[in-house]
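Notes follow once the structure below has been shown.
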Amino acid sequence: MGWLFRYGLFTLILLALSTLFVGRAAYRYFAAELPSLSAVDDYRDQAPGVTRIHAADGSLLAELAREHRSYAPLSDIPEQLISAFLSAEDRRFFEHTGLDYRGLARAMKANLQSGTVVQGGSTITQQVAKSFLADQDRTLDRKLREAILSLKMESSLGKGPILEIYLNKIFLGHGAYGVRAAASRYFDKDLDELSLAESALIAGMAQAPSRWSPVSNPDLAMRRRNIVLRDMVEAGYISSDEAEAAAAEPIELAELRSDPFRRRAPFYAEHVRQLTVERLGEDAVLADGLVIESAVALPIQAAADRSVGKAARALDRRQGWRGPEAHLRNADEREALRERMRAEYGEQPFADPERWILGLVSDVRQYEASVELGAITTRLTLRHADWAAPYDPRSGVNDQRTNSLEDALVVGDVIWVRAVRDREGAMVRGEPHAEPTPADGTGEGTKPSAGANADNADEEGPLLVELGQTPLVEAASFTFDHHSGQVVAMAGGVDYDRSQYDRTTSACRSPGSVFKAIYYALALDQGWQMDDVLEAKAWEPEPGEEWNPRNIDKTLDGKVLLRTALIKSLNTPSIRLFLAVGIHETITFARKLGFTSELIPDKGLSLGASCVRIDELSAAFGVFARGGSLQRPLYIQRITDKRGVTRLDQRDPEAGAVDIAGRIDRMAARQLEAPEQLLDHRSNYLISRLLREVVTSGTATRASHIGAPAAGKSGTSSGRYKRDGHWDDLTTDTWFVGFTARHVSAAWMGFDDRNERSLGDEDASYTTAIPMWADFMKQVVGEREYPQIPGEPPEGVGRKQVDATHGGTPVPGMPAATIYYRQDLRRDGGAAN
């Protein structure tokens, strides 16, 4: 019997060794492709972050991320929130070693009893382990790898780091990853502000965020929250009284924050995003949790948006009425719209009196119409809609008028309207039972009613509204501080929601006579004089040449001074100057000023025939504003990542928000990056002086009423269109690029489709772009004092009086002009060339 015992013992030892060998081999096999524990331990640093773009004042412009996360160290997470998750997800978390066999048995029993999955068997450690595995399929292989990784994590990392990773990695619905993101998304609170009921609600969503969502399923969410509260009582974290009090609380969600991107500066924020991607890569933008401090000044940006919208609507109206947004033929459609308006607008459709809203035409007569806005009915009079003559894309005639609203509207039309306001900004009401009168400016039975509102409409009559339409014409504005280079505002179009195309940085348009400033500056640097005499006679085309440029005032004979040709923007003498200065020389100089767009080397360039971008044209004028040195526009002040590492620093060292250390660093960097002097400061003074006179006595006098000295150049570009069987030159683009002692600002107007229509046969920059620029810059200047530009002449610049027409000694009784010149280039007799 002894040998049998020894044989059995040997067999058992052999089986044990075989099992150990097989188990070890199996362990090695399943553990072979597990992520390293260092990758798990480093999650806090590697966790994807949300990149945020901020305005200069810190306001949020955009959030960019693949997953919206906001990492919270375990020390920042309240105990009651941790307790809620432990009660709901893993009550024995601090007792098991990664795998909870008792919890698995309990979950299996509960699921069998309910007939559905009401409890999960996975521990928090297993859930964390699973999130690091590439394979998420429900297979035995994956479960074994998950178990092995769980055990390794428990032995190497410990409970605290595992719990921290879990509470930051878990998806909790509506784009929120982690508890801090969930607290912000659902309650607009930080973690330490959450109530017990709110903590239980967040924890309850862990199993199925969409099913238990308080946004889409509030009743289910409340039921799940109360289950978590009972679990917390069973686990001993709270008392029954505390649970009952929390369960009695209603679910009060903060409004889910709308994306700030479209509210403040969408064109700017998108351009900053593109620049950051170009510099750091898309992965950095979507995962590195960057803090991007942009240079946009929101008050100036808001002024730019208002001016662009105002100018585009004004010109669009002058071009005529393109019809309603929609027409509802039957009563059911109209009633559905009324219900939608009541829900959308409420009792006060014009809580924001600047807002354009859609209304339903319910009655139309010759001089007035009724427009329903849900809760109220308003009155539209002919006076506020007489511009609605039919739009004709084949015509360039603007400012047509209609004599009857019945020619423009019918009952059932859906139209854009806005409240009429008086000079004090109060909404205006009509008489309660006013008889319709002609729109001759003397009647309409209306009166202003300061402080009037919809509540007393029966006493004071209906609110008056004006007719509007979505502009087809586009406009853009670009402004930067030429001292620091920081772009403070850019409005790339009228409406970002309608068109995301950024016309300030992407569109290439013909600048017209704005380009004259470039080669006039070069001419003055070459030695040409302000009182040089240029020929203004008709252009003589070469054989086969169809180009027939004319002066804006239609004059084609005589001679003019060089200064007059620029100030009055005369074409034929400018073309001759351009050819004398040199086509290739002009292009080379333009490249030095920062132009990157293709400049076609022919005579048409003299009148701005080659297209350029708004931002590069503005940068070139920044050279004139700065005394001849180049400062490229800057959109980003600083970028830091989630670790606090500075990835880019372009801040102005003089800015108040820059600390002493940062100021020293930036001042040193500026010394190393000193802007290049592109134009002799004396020549720069001369061109700046002429551009100042463009505003004071030339083609841009409307730009002189902004409250600060300004200089600049206007431009109008035209194209060849066929109308009524013949070709004609029609206006396609209008510009003004100007500067004050602080800012360079460009204004542009035109159609995206140049073939759409002429901007207007009688329209040019002085009726379109310049008024838009002046309206905007007046808001920018405000009550601040600005110094004169270009200031006192620098050393080496002389001044003298000449005859304004022919140059030379002034003639008594005839107009005289003050001209400036470089003393080193001046010749006796008054002309250098």
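The values are calculated or read from the model by the stated rules, or taken from the named source; none is laboratory data. If you're wondering where the values come from, they're calculated on a predicted model, not measured in any experiment. Neighbour counts are summed over all protein chains in view; Cβ atoms, including those assigned to glycine, are modelled from backbone coordinates with ideal geometry. These area figures cover heavy atoms from the full protein model, side chains too; ligands, DNA and RNA do not enter into them. Shrake-Rupley method; radii C 1.70, N 1.55, O 1.52, S 1.80 Å.
Is one or more of the residues making up the range 243-258 among the β-branched types (V, I, T), open to solvent by less than 70 Å² (accessible area, probe 1.4 Å) and outside any loop (DSSP other than H, G, I, E, B)? No, there is no match, as no residue in the range 243-258 is among the β-branched types (V, I, T), open to solvent by less than 70 Å² (accessible area, probe 1.4 Å) and outside any loop (DSSP other than H, G, I, E, B). Could you say whether any residue in the range 339-349 is part of a helix (DSSP H, G or I) and closer than 30 Å to T732 by Cβ? No: zero hits. Taking the condition open to solvent by 20 Å² or more (accessible area, probe 1.4 Å) and modelled with pLDDT under 80, does T139 pass? Yes, satisfied.
Restricting the search to the range 489-544, which residues are small (G, A, S) and surrounded by fewer than 19 Cβ atoms within 10 Å (Cβ to Cβ)? Walk me through how you get there before you give the answer.
Within the range 489-544, the subset small (G, A, S) is 489, 491-493, 499, 506-507, 510, 512-513, 517, 521, 523, 527, 536, 538, 544.
Hits for the range 489-544 are S499, S506, G527, A538, G544.
Scanning the range 293-310 for residues that are open to solvent by less than 50 Å² (accessible area, probe 1.4 Å) and closer than 30 Å to S362 by Cα returns a single hit, G309. Screening F624 with (1) at pLDDT 95 or above; (2) more than 29 Å from the chain's Cα centre (by Cα) gives one miss only, at (2).
Applying the selection to the range 262-276, what residues are open to solvent by less than 30 Å² (accessible area, probe 1.4 Å), part of a helix (DSSP H, G or I) and out of contact with any Asp or Glu (no Cβ under 7 Å at 6 or more places or on another chain)? Spell out the reasoning first.
First pass over the range 262-276, keeping only residues open to solvent by less than 30 Å² (accessible area, probe 1.4 Å): 265-269, 271-272, 276.
From what is left, the residues that are part of a helix (DSSP H, G or I) are 266-269, 271-272, 276.
If the condition is that a residue be open to solvent by less than 30 Å² (accessible area, probe 1.4 Å), part of a helix (DSSP H, G or I) and out of contact with any Asp or Glu (no Cβ under 7 Å at 6 or more places or on another chain), then P266, Y268, A269, V272, T276 are the ones that fit.
Kindly indicate whether V737 is open to solvent by less than 10 Å² (accessible area, probe 1.4 Å), modelled with pLDDT of 95 or more, part of a helix (DSSP H, G or I) and closer than 30 Å to V397 by Cα. Judged against the criteria, V737 is not a match.
Looking only at the range 630-647, which residues are in contact with a Phe, Trp or Tyr (Cβ under 9 Å, 6 or more places away or on another chain) and assigned to a loop (DSSP other than H, G, I, E, B)? Listed by number, the residues that qualify are Q631, P633, Y635, K642.
Residues of the range 56-77 that are open to solvent by 20 Å² or more (accessible area, probe 1.4 Å), hydrophobic (A, V, I, L, M, F, W, C), closer than 28 Å to L298 by Cα and not in a loop (DSSP other than H, G, I, E, B): L60, L64.
Quick check on R279: is it closer than 30 Å to P393 by Cα, charged (D, E, K, R) and in a helix (DSSP H, G or I)?
Details: closer than 30 Å to P393 by Cα: no; charged (D, E, K, R): yes; in a helix (DSSP H, G or I): yes.
No, not satisfied.
In the range 362-372, how many are of a type in the set (A, V, I, L, M, F, W, C) and surrounded by fewer than 24 Cβ atoms within 10 Å (Cβ to Cβ)? Please lay out each step first, then the result.
Step one: filter the range 362-372 for residues of a type in the set (A, V, I, L, M, F, W, C), giving 364, 369, 371.
Among the residues that remain, those that are also surrounded by fewer than 24 Cβ atoms within 10 Å (Cβ to Cβ) are: 364.
Within the range 362-372, residues that are of a type in the set (A, V, I, L, M, F, W, C) and surrounded by fewer than 24 Cβ atoms within 10 Å (Cβ to Cβ) number 1.
Give me the residue from the range 760-811 that is over 26 Å from the mean Cα position of the chain (by Cα) and of a type in the set (F, W, Y) and, out of that set, surrounded by the fewest Cβ atoms within 10 Å (Cβ to Cβ). Per the stated criteria, the residue is Y786. Take the residues in the range 325-348 that are under 18 Å from Q469 (Cα atoms) and of a type outside the set (A, V, I, L, M), then tell me which one is surrounded by the fewest Cβ atoms within 10 Å (Cβ to Cβ). Filtering first and then ranking leaves E325. Just one of the listed residues (Q469, Q500, Q486) is touching a residue at least 40 places away in the same chain (Cβ under 8 Å), polar (S, T, N, Q), touching a strand residue (DSSP E or B) at 6+ places or on another chain (Cβ under 8 Å) and under 30 Å from A609 (Cα atoms), and it is Q486. Has the range 309-325 got at least one residue that is in a helix (DSSP H, G or I), within 26 Å of Q637 (Cα to Cα) and not hydroxyl-bearing (S, T, Y)? Looking through the range 309-325, none of the residues is in a helix (DSSP H, G or I), within 26 Å of Q637 (Cα to Cα) and not hydroxyl-bearing (S, T, Y). For first residues located in the range 778-791 and farther than 13 Å from V744 by Cα, partners that are open to solvent by 40 Å² or more (accessible area, probe 1.4 Å) and in a loop (DSSP other than H, G, I, E, B) and lie 6+ apart or on another chain with Cβ distances below 8 Å form the pairs K778/H705; K778/G707; G782/G707; E783/G707; Y786/G707; Y786/R742. Within the range 228-252, residues that are without any contact (Cβ under 8 Å) to a residue 12 or more places away in the chain and among the β-branched types (V, I, T) reach partners that are assigned to a helix (DSSP H, G or I) and open to solvent by 30 Å² or more (accessible area, probe 1.4 Å) with beta carbons closer than 9 Å, at six or more positions or on different chains, in the pairs V233/S240; V233/E242.
Among residues of the range 700-716 that are without any contact (Cβ under 8 Å) to a residue 24 or more places away in the chain, none has a Cβ under 9 angstrom from a residue that is assigned to a loop (DSSP other than H, G, I, E, B) and open to solvent by 10 Å² or more (accessible area, probe 1.4 Å) at a sequence gap of 6+ or on a separate chain.
Return a yes/no flag: does the range 197-219 have any residue that is among the hydroxyl-bearing types (S, T, Y), open to solvent by less than 30 Å² (accessible area, probe 1.4 Å) and within 34 Å of the chain's Cα centre (by Cα). Yes; the residues of the range 197-219 include at least one that is among the hydroxyl-bearing types (S, T, Y), open to solvent by less than 30 Å² (accessible area, probe 1.4 Å) and within 34 Å of the chain's Cα centre (by Cα). Residues in the range 277-292 that are open to solvent by 40 Å² or more (accessible area, probe 1.4 Å) and closer than 27 Å to L194 by Cα: V291 alone. Summed over the range 457-503, residues that are outside any strand (DSSP E or B), within 26 Å of P675 (Cβ to Cβ) and over 12 Å from the mean Cα position of the chain (by Cα) total 4.
What are the residues in the range 78-120 that are at pLDDT below 60 and open to solvent by less than 30 Å² (accessible area, probe 1.4 Å), if any? Give the derivation first.
Our first condition is that a residue be at pLDDT below 60; within the range 78-120, this holds for 107-108, 110-120.
Across the range 78-120, the qualifying residues are A107, A110.
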